Amino acid sequence: MTARRASLWRHPVLTPGYAAAIAFGAVALSSVVVASASQSPVTGKPERVTVTLVEASGARLPDDLTVQIRHGSTVLAADGIVTQGRSSADVPPGDHEVCVVSSTTPMRVAGSDPASACIRERVSADTPTKVTVEQIRVVADRTDGDDPLPNDSKVTIRYAQRVLPGGALDPNGQFTPSELPLNAVVCLDPPTGWRFADTKTRDQQCQSVTNPAADVLFRLEKP
């Protein structure tokens, strides 16, 4: 893993990333984000570089995960992962952005702050590049401890005129969406015996997605 890292949420990675995801037969994610500052031109002879992805929890990586290597607004390479989370491509060495895109399980760089699907790395054939990633979730933060939640909660996700796949929180208070585009609306009907801590109500609560790489958080408590 390289030493130099910086979060890059404010970067137009996701929109071009959808095209790459489609190239792998995936359903596109959606996002419109602010462009980053201009960078110096790419120079140098392309080298074979390898990026290794590791899932933070030890879970299996999505089969459709695509790794992009970008420099500014230019996609230098986009390739699917192979054995043990590795992706290889020929790119000029330098400070680039390594980004992850998946249509089946929205992913981000683990520990990025603000949450981002990209991280800046010094990429070269001589420098191993290892990126830890994690799934994006709908999370219920329980103010009264870690008591398991009943399975009768309801997570609903709407985007434009579509209803995206939803489900229920697991006993740990988490739900992993298959799509979480920018400006989607995530709604939660709390499980039996719980209410929202901030509004003291059991009625449905909704949030708009302002960062598709960030968890959607709700706060629950027992009356």
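Laid out as a table, the results:
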quantity: Subset of segment 65-101 (residues that are surrounded by fewer than 20 Cβ atoms within 10 Å (Cβ to Cβ), of a type in the set (D, E, K, R) and in contact (Cβ under 8 Å) with a residue 24 or more places away in the chain); calculated: R86, D90, D95
quantity: S153, sole failed condition from (1) touching a Leu at 6+ places or on another chain (Cβ under 6 Å); (2) closer than 30 Å to S88 by Cα; (3) of a type in the set (S, T, Y); calculated: (2)
quantity: Residue list for segment 61-102, restricted to those being over 17 Å from E134 (Cβ atoms), part of a loop (DSSP other than H, G, I, E, B) and touching an Asp or Glu at 6+ places or on another chain (Cβ under 7 Å); calculated: P93
quantity: Top-ranked residue in segment 48-64 [being under 20 Å from A78 (Cβ atoms) and open to solvent by 60 Å² or more (accessible area, probe 1.4 Å); ranked as modelled with the lowest pLDDT]; calculated: D63
quantity: Exclusive hit being charged (D, E, K, R) and in contact with a Pro (Cβ under 8 Å, 6 or more places away or on another chain), set E134, E179, E121, E97; calculated: E179
quantity: Test: residue in segment 85-104 that is in contact with a Phe, Trp or Tyr (Cβ under 9 Å, 6 or more places away or on another chain) and small (G, A, S); calculated: yes
quantity: Of all residues making up segment 187-223, the number that are of a type in the set (V, I, T), assigned to a loop (DSSP other than H, G, I, E, B) and crowded, with 16+ Cβ neighbours inside 10 Å; calculated: 1
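The values are calculated or read from the model by the stated rules, or taken from the named source; none is laboratory data. Bear in mind that the values here come from a model prediction, so they are computed numbers and not experimental data. Glycine gets a Cβ as well: all are built from the backbone with ideal geometry, and neighbour counts include every protein chain shown. Ligands, DNA and RNA are stripped out before the accessible areas are found, and what is left, the full protein with its side chains, is counted by its heavy atoms. Shrake-Rupley method; radii C 1.70, N 1.55, O 1.52, S 1.80 Å.
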